[in-house]
Every structure is written in structure tokens, then in C-alpha cells.
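Below is one structure, written out as C-alpha cells; comments come after it.
The values are calculated or read from the model by the stated rules, or taken from the named source; none is laboratory data. Note that this is a predicted model, so its numbers are computed, not measured. Here the Cβ positions follow ideal geometry from the backbone for every residue, glycine too, while neighbour counts run over all protein chains shown. Ligands, DNA and RNA are excluded from the accessible area calculation, which covers all protein heavy atoms including side chains. Shrake-Rupley method; radii C 1.70, N 1.55, O 1.52, S 1.80 Å.
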Amino acid sequence: MDTQPIISLSDVSKRFPVGDGEFTALKNINLSFQKAEFAGLVGPSGSGKTTLLNIIGSLDSPSEGKAVVMGKSISALSHRESALLRNHHIGFIFQIYNLLPVYTVFENVEFALLLQNRSADERKKAVMEALDWVGLSSMAHKRPDKLSGGEGQRVAIARAMVKRPAILLADEPTANLDAENAHIVLKMMKKLNKELDTTFLFSTHDEKVMKYLDRIVHLRDGKVEEDEIITTQQAAS
Amino acid sequence: MKLAFQLAYKNLIGAGLRTWLNVAVLSFCFVIIIFFNGMMDGWNEQAKRDTIAWEYGNGHVLNDKYDPFDPFSLQDGHGQIPADAAHLTPILIQQGTIYPDGRMVSVALKGIDASQTSLELPTQALRESDAEIPAIIGTRMAASNKLEKGAEVLLRWRDKNGTFDAANITIVDIFENNVGSTDNGQVWISIEDLWKMTGMTGEATLMVAGKEYVHKELEGWHFESQKALLSDIDKIISTKKASSGVLYMLLLAIALLAIFDTQVLSIFRRQKEIGTYVSLGMTRRQVVGLFTVEGAMYSIFAMVVGCIYGIPLFIYLAKTGIAMPQASQDMGVALAEKIFPVYGIQLVIGTIILVVIAATIVSFMPARKIAKMDPVAALKGKLQ
């Protein structure tokens, strides 16, 4: 069994310039995540959750320390290499879904595969399969503005999962959803985590999400406050 | 690149009204540029064609002492028509004065072979008339001197010895053309009449070459080809084209400004979309390419839209011509009643290439900013 972590963060710090000074968003973060984990970064606003997700997703790089994702050091990647990493191995889910407004549901989900130069047949098969996972195959030709919030987020999940990424990063995925839709979406993600062995990493402060997580990393003021593994019994209770 | 075109097409179609407003402005620019260029080309061709038909023929054989730009050379600038002057229409030019309504007007008195066919001047009217000295003049000359068909006017001229003589001439025809130099201040009579009036029998100032004319050296005469004679018109045309180019550039600049503005606004408003593209795995270069292609595609759409309404319009105008106001002809500008625009393939292709390249450049300029964008800030829509 491969015990090499899929994500490894060593002494990761991140500072942003603010006016004449600096704001430290992350301070010496040391964490690692294994394949197929269903984990969450939990903490109040400004605790550094999204910043950490962005670094793991190679959208940003640490000011200090080393972030290694899929065996690649984020700081050492060129723009092109980090784009390739995201395109092939990392899926993103955003709070406000970020669906491309002029594309249909099908085209939104297909987008990542277009970037991978997959054939039309391959794309169609993969997109319909992804839409089946989220139960939206009948809405393939609808535009995002015709979808409800829950449906929109499910499309975003299908778009993130269609390329079968090793890592899925979800930034406050349930923040814009009602309780019922939040549970539907979370169950769906849990199922995909089990079936496809995808590592799910959430940033959240939503209690509903926490109930589904197998591991909760508590962040406060840019530091890891607690790294909590949830046992099956705890989760059941 | 194919992907950029696919995505750009979808984005533009999806953007709806915003796209079609830009396309409308740009297509209007396309059509106006081609319309004006076509009109200028039509005007130029018409000017050349008319000048050849009414004045230059296949070239001029000029007396060596005659300089068309020096009126003083008329005195000595004539000579005996060579015996072997085949396919040449002789013209003898003398100075004269007419007295319409008691006014004194200097004219160029031109004697031409009444049976000639090299020029379109209606000289057969000189042959068919019973008047003692029949004359033809152009509409401008007639208007400026208040002369009508059938009018008699006193003409004074000098014979070969310099003696003044005078007689009434009868206007037997008034012709209409666009070549001012055959009209303004010109009185055309039969060369035989002029020979008799001046005593210069068998002499000419210049000879107009017919279609069959083959040049050979004639002593005391020199040949100026049609091309050489037209060189002045060509120079005027190129100057006219350069000045009209300023107008096209202004039009183009307005359309390109619309694209530039849309692109700047688009990049600002679509920050989250740009962030999403990057998060989905597009390189920044690909995103820059996508936005550039989007801008360039406006010009492709504009070309298609422009063709839809432009081609029928151009065909119609090329057939029916564009009527020019009478006032512009009265001003002495060589304008036909109607200008028939000429829309050459070179003009159309050239305009398309120019607009597409220019649209691509102005799209690329703001799109370069994307390459420097922080994807995280873009995803949050926080860039200013």
C-alpha cells in the first residue's frame, strides 16, 4: 500500500502585503493528507482555510515552507506546470459554484476534458457519467441560470469529478445551500470519495459538513489548533 | 488554438446583445470603408475612362514647340501635319475671344476634324450644320456664358499673320461630359473652318492617336503615350486616396475603440470566470489567447454580418450608381451625374485583413493584463 501522503505541508507560511505592512495568513503549517481522505479545514473567517486550499490547489504559493502535492513542490512549479497539475489531478468546488454562465450544464462539465484534448466520444461518455453521479443527466442542456442552488453545486461537483482527480478541494461548498441540499451534496461527495478514492479537502465552518468529515483540522489565526481524527463511532453519534 | 476558437465562439454567442452591438458597429465600419473606397475607385476609373474617351484617346502627338501648360506656346506651337500621320486626329488650337451679352471672354479655339471618331466629342454636328461657322461647346461653358443651342456669338481671333478678324459662330450642339479641360473655356469648330479663318491650312497643334495608331518618329513632333498623359490623374488619385485613408482610419479607430472598451470591461467583469478557467487548468497564456480570439472574432462576425447587408447594397450601387448633386458639377469638379462604384476583390480582401488584424491587436492589448492576474484575487473578483 502506498503510504506516501498525497498532500504534504511543511512549515508553510503565507504573508500578504497590506498597506505598508504585512498580514500573516498562515504560520508554520505542518500537515499531510493521505489518498482518499475526507477531511476538512475548519475555523472562523480569517483563520487561513481558503489560503491553505489555494496553496494546495497551486493557485497560490507559500511565502515560506514547502507544499508538496502529488509529489510536486508547488513553489517550484511554473505557470504551465501548475495549470497541468490542476487540469489533471485537482478539482475545485467553490462557494458560489463558479459555473460558466454562457455554457450549458453539459459544456460546463465537459470543459476540463476539452483542456485535456480528449475525443468527443470520450468526453460525452465521461460527462454523462459524471452527470449521472450527481443525478442531473436530464438537465444536460440547461443553462446555469435555470438551475437551483443545489443543482448548481451538483453541476460544480460533476465538473470537478469528471476528470477523476486525485484531490478535490471544496471551499465552503454548502454555504449557499439550504440544509436539505447541503446534505444531498455532502452525501454525494462522500459516496464519490468511497467509490473513486478521491481525496476530499473542505474549507468550512458549517456544522453540517463537519458531521460528514473523517478528519477535522481546526485552524485559528493561521495556525493549526487541533488535528482531529473522527472515529466511526463519533461519526455515527 | 482550436479550443480557443471553440470557446470564444461560445462565449460571444452566449454574451448576446453585447456581442451583436460590437459586431454591428464593426460591420458598419467594414461596409463604410469598402463603400467609400469603392466609390473613390469608381470615381477614379470613371475620370480616367472619360478623360481617355474625350481628350487623350490613345495618346497625343504634340508639336515640339507646343507646351500644354504654357498658353504662350500656342503662338508658335503648331506645324504642318506630316504626310504619313495615319490614325491621328489633328487639333489646331488658337486663342480667341467671344463676346456673349457684350462681355469679353477668352477662349481656346480648337479646330478638330469633324469626321473624327477617336474622341467622343459630337463633332458630327459640325459636319451636319448649315451654319457658316458651326461650333460646339460643353455644358459648363454654355452655362457660364449663357449660351444655348442655336445661339450666335461673336468670335474674334488672329490669323497666321497676327491680324485680328471676327465673325459670328453658331452653337450647334452642347455636349455634356465630365472632363473640364474639354469644356471650360473651350470652343470647338471644324479644323477646316479654323484653317480658313487663320490661314494655317494643313497645320495642327497636336494630334490625337486612334486605337490603331502605331508610333513612329515624326520630325518636329513628339509622342506622349496615354499612360504618360494619365500620370497627372494618377498622382491626383493617389493623393486623394491618401487623404481619404485618414477618414477610414478614423472610422476604424471608432470601431476598434468599441472592441478595446468591451475587452477592458469584459476582463474586469469576468474576473471570476478568468479565475475559474485557471482553476480548471487553463494556463494564463491560454486565457489571454481566448480573450484575444474573442476580440478577433468580433471582426469575423462583423465580416459575415457586413456581407449579409453589404453585398446586396454594393451590387445595387454598382448597378444603379450614386447620383451626385448638380451643385458639385457646377463647381467645376470633374464629377459625373452618377458615380458607379467599383468593388474589387483586392479592396474587399484588403479591408477584411486590415480590420481582422487591427481587431486582434486591440483585443490582445487589454488581454495581456490577464497574464499578470492573481488567480485567487480573480476568483474573488477583487481586482481593480
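Taking the condition touching a residue at least 60 places away in the same chain (Cβ under 8 Å) and within 36 Å of the chain's Cα centre (by Cα), does B:LEU251 pass? So B:LEU251 passes the test. Answer yes or no: is there a residue in the stretch B:305-319 that is surrounded by 16 or more Cβ atoms within 10 Å (Cβ to Cβ) and touching a Ser or Thr at 6+ places or on another chain (Cβ under 6 Å). Scanning the stretch B:305-319 turns up at least one residue that is surrounded by 16 or more Cβ atoms within 10 Å (Cβ to Cβ) and touching a Ser or Thr at 6+ places or on another chain (Cβ under 6 Å). Residues of the stretch B:255-283 that are of a type in the set (Gly, Ala, Ser) and assigned to a helix (DSSP H, G or I): B:ALA255, B:ALA258, B:SER266, B:GLY275, B:SER279. Considered as a group, the residues in the stretch A:208-231 that are in contact with a helix residue (DSSP H, G or I) (Cβ under 8 Å, 6 or more places away or on another chain) and not in a loop (DSSP other than H, G, I, E, B) include one that is most open to solvent (accessible area, probe 1.4 Å), and that residue is A:LYS208. For B:LYS211, the conditions (1) in contact (Cβ under 8 Å) with a residue 12 or more places away in the chain; (2) surrounded by 12 or more Cβ atoms within 10 Å (Cβ to Cβ) all hold with the exception of (2).
Quick grid of which residues meet (1) of a type outside the set (Asp, Glu); (2) open to solvent by less than 20 Å² (accessible area, probe 1.4 Å); (3) in contact with a Ser or Thr (Cβ under 9 Å, 6 or more places away or on another chain):
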position	(1), (2), (3)
B:LEU154	yes, no, yes
B:ASN168	yes, no, no
B:ASP173	no, no, yes
B:MET197	yes, no, no
B:LEU247	yes, no, no
B:ILE267	yes, yes, no
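Scan the stretch B:40-68 for residues that are of a type in the set (Phe, Trp, Tyr), under 23 Å from the mean Cα position of the chain (by Cα) and at pLDDT 90 or above and the total you get is 2.
A Cβ distance below 9 Å, combined with a sequence gap of six or more or placement on separate chains, defines the contacts here; from the stretch B:155-169, residues that are on the phi < 0 side of the Ramachandran plot and outside any strand (DSSP E or B) reach residues that are among the charged types (D, E, K, R) and open to solvent by less than 50 Å² (accessible area, probe 1.4 Å) in the pairs B:LYS160/B:GLU203. Residue-level analysis places B:ALA377 outside the set of residues that are on the phi < 0 side of the Ramachandran plot, modelled with pLDDT of 90 or more, touching a Leu at 6+ places or on another chain (Cβ under 6 Å) and not acidic (Asp, Glu).
Conditions tested, residue by residue: (1) closer than 18 Å to A:PRO173 by Cβ; (2) more than 18 Å from the chain's Cα centre (by Cα); (3) not hydroxyl-bearing (Ser, Thr, Tyr).
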| position | (1), (2), (3) |
| --- | --- |
| A:MET70 | no, no, yes |
| A:SER78 | no, yes, no |
| A:GLU81 | no, yes, yes |
| A:HIS88 | no, no, yes |
| A:PHE92 | yes, no, yes |
| A:GLN95 | yes, no, yes |
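Scanning the stretch A:145-197 for residues that are under 22 Å from A:LYS125 (Cβ atoms), of a type in the set (Val, Ile, Thr) and either part of a helix (DSSP H, G or I) or under 13 Å from the mean Cα position of the chain (by Cα) (or both) turns up A:VAL155, A:ILE157.
Going residue by residue through the stretch A:135-154, is there one that turns out to be touching a Gly at 6+ places or on another chain (Cβ under 6 Å), more than 9 Å from chain B (Cβ to nearest Cβ) and closer than 21 Å to A:SER203 by Cα? Looking for residues that are touching a Gly at 6+ places or on another chain (Cβ under 6 Å), more than 9 Å from chain B (Cβ to nearest Cβ) and closer than 21 Å to A:SER203 by Cα, one finds none in the stretch A:135-154, hence no. Screening the candidates B:ASP101, B:ASP67, B:ASP76 for the property of being surrounded by fewer than 18 Cβ atoms within 10 Å (Cβ to Cβ) and touching a helix residue (DSSP H, G or I) at 6+ places or on another chain (Cβ under 6 Å) yields one hit, B:ASP67. The single condition from (1) open to solvent by less than 20 Å² (accessible area, probe 1.4 Å); (2) away from every other protein chain (no Cβ under 14 Å) that B:VAL288 fails is (2). Kindly check whether there is at least one residue in the stretch A:84-99 that is away from every other protein chain (no Cβ under 14 Å), outside any helix (DSSP H, G or I) and closer than 29 Å to A:VAL224 by Cα. Scanning the stretch A:84-99, I find no residue that is away from every other protein chain (no Cβ under 14 Å), outside any helix (DSSP H, G or I) and closer than 29 Å to A:VAL224 by Cα, so the answer is no.
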